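Participant: Got a structure here, written out as structure tokens. Questions coming.
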Amino acid sequence: MSLPDYKLSQKQSLPALQHSPVVLLNVGGHLFSTALSTLRKHPDSRLAELFSSPPKLRTDPQGRYFIDRDGSHFGAVLDFLRSDSLPTHNTKEVHREAVYYNIKPLVKLLEESPPLFGELVGRQQFLSRVPHYRENIEVLIRIARAEAIAARHSTIMICVLQTEEDLGLFDNAINSLEADKESVVTFGPWKAALSVKDLLDCVQLDIESQGYSVSIQRHVVEKSFLSRSYNYFHKLIFTWW
């Protein structure tokens, strides 16, 4: 199609969108039909912007408006726009789509639902108080991948210091460790009423959410007659196959 013909077809398609009550959508290969008023229900949303006049979308070969995004959970977004119904499954995934389409009432309601409330208000607020938590997760994965060559497991030592008092004993503790001290990844201290086990559960959850298989074991430092033992150390074990 030549450029003049393309512009003509675009002009001809605008009245159809403006006057037709039904819009046909192709969202990443998932097909939907809905009312234009549904898509424009929340005027400040991205959907309302996309279907403003003129529409800011291309069409697929069958003439359906095309959104280049995974449409697996778009149906739940449409259900909310149609009837204010909230999803009972895949809450996190629907929340991600609600954020993308900037549907603020849906985002707010989902964040107040039990699955996301616990994650956002409980777990994430705790992790925000653990210094360098996200960076440490990335370091753990990077070290594990470097040690995966011709191996079934990668084992990394982590040190968890819950309190300032624990931090003050760090030098003595690390010197008692019979391992490569340079590769020990340290978490803490933090100011929250959560335990070392809570922190370790978060580490395992966040690494497994990226597709890795991991387990955590306490590393016991043998106590000599003249020295004390420290329970700060744990082994994070990646299993590759």
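The values are calculated or read from the model by the stated rules, or taken from the named source; none is laboratory data. From a predicted model like this one, the values you see are computed outputs, not experimental measurements. All Cβ positions, even for glycine, are placed from backbone atoms using ideal geometry, and neighbour counts span all protein chains on display. These accessible areas exclude ligands, DNA and RNA; they are computed on the full protein's heavy atoms, side chains included. Shrake-Rupley method; radii C 1.70, N 1.55, O 1.52, S 1.80 Å.
Participant: For the subset of segment 1-34 comprising residues that are at pLDDT below 95 and outside any helix (DSSP H, G or I), which member is least open to solvent (accessible area, probe 1.4 Å)?
Facilitator: Start the filter on segment 1-34 by keeping residues that are at pLDDT below 95, which leaves 1-23.
Now narrow it down to the ones that are outside any helix (DSSP H, G or I): 1-2, 20-23.
Values: MET1: 167, SER2: 55, SER20: 44, PRO21: 93, VAL22: 84, VAL23: 3 Å².
Filtering first and then ranking leaves VAL23.
Participant: Which ones in segment 176-197 are in contact (Cβ under 8 Å) with a residue 40 or more places away in the chain and open to solvent by 50 Å² or more (accessible area, probe 1.4 Å)?
Facilitator: GLU178, LYS191, LEU194
Participant: Go through segment 152-175 and count every residue that is open to solvent by 20 Å² or more (accessible area, probe 1.4 Å), in a loop (DSSP other than H, G, I, E, B) and in contact (Cβ under 8 Å) with a residue 60 or more places away in the chain.
Facilitator: Within segment 152-175, residues that are open to solvent by 20 Å² or more (accessible area, probe 1.4 Å), in a loop (DSSP other than H, G, I, E, B) and in contact (Cβ under 8 Å) with a residue 60 or more places away in the chain number 2.
Participant: Sticking with this one: What is the number of the single condition among (1) in contact with a helix residue (DSSP H, G or I) (Cβ under 7 Å, 6 or more places away or on another chain); (2) open to solvent by less than 70 Å² (accessible area, probe 1.4 Å) that ARG82 does not meet?
Facilitator: Just one mismatch for ARG82, condition (2).
Participant: Right, another one. Condition first: under 26 Å from GLY118 (Cβ atoms), of a type in the set (Ser, Thr, Tyr) and modelled with pLDDT of 95 or more. Can you find one or more residues in segment 213-226 that meet it?
Facilitator: Initially, segment 213-226 is screened for residues under 26 Å from GLY118 (Cβ atoms), giving 213-216.
The next check asks that each one be of a type in the set (Ser, Thr, Tyr); those that pass are 213, 215.
Of the ones still in play, those that are also modelled with pLDDT of 95 or more are 213, 215.
Within segment 213-226 (the criterion being under 26 Å from GLY118 (Cβ atoms), of a type in the set (Ser, Thr, Tyr) and modelled with pLDDT of 95 or more), the answer is yes, since at least one residue qualifies.
Per-residue answers, yes or no, for (1) in a loop (DSSP other than H, G, I, E, B); (2) touching a residue at least 12 places away in the same chain (Cβ under 8 Å); (3) of a type outside the set (Gly, Ala, Ser):
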| site | (1), (2), (3) |
| --- | --- |
| ASP44 | yes, yes, yes |
| LEU47 | no, yes, yes |
| LYS56 | yes, no, yes |
| GLY71 | yes, yes, no |
| GLY75 | no, yes, no |
| LEU86 | yes, yes, yes |
| HIS89 | yes, no, yes |
| VAL94 | no, yes, yes |
| ALA98 | no, yes, no |
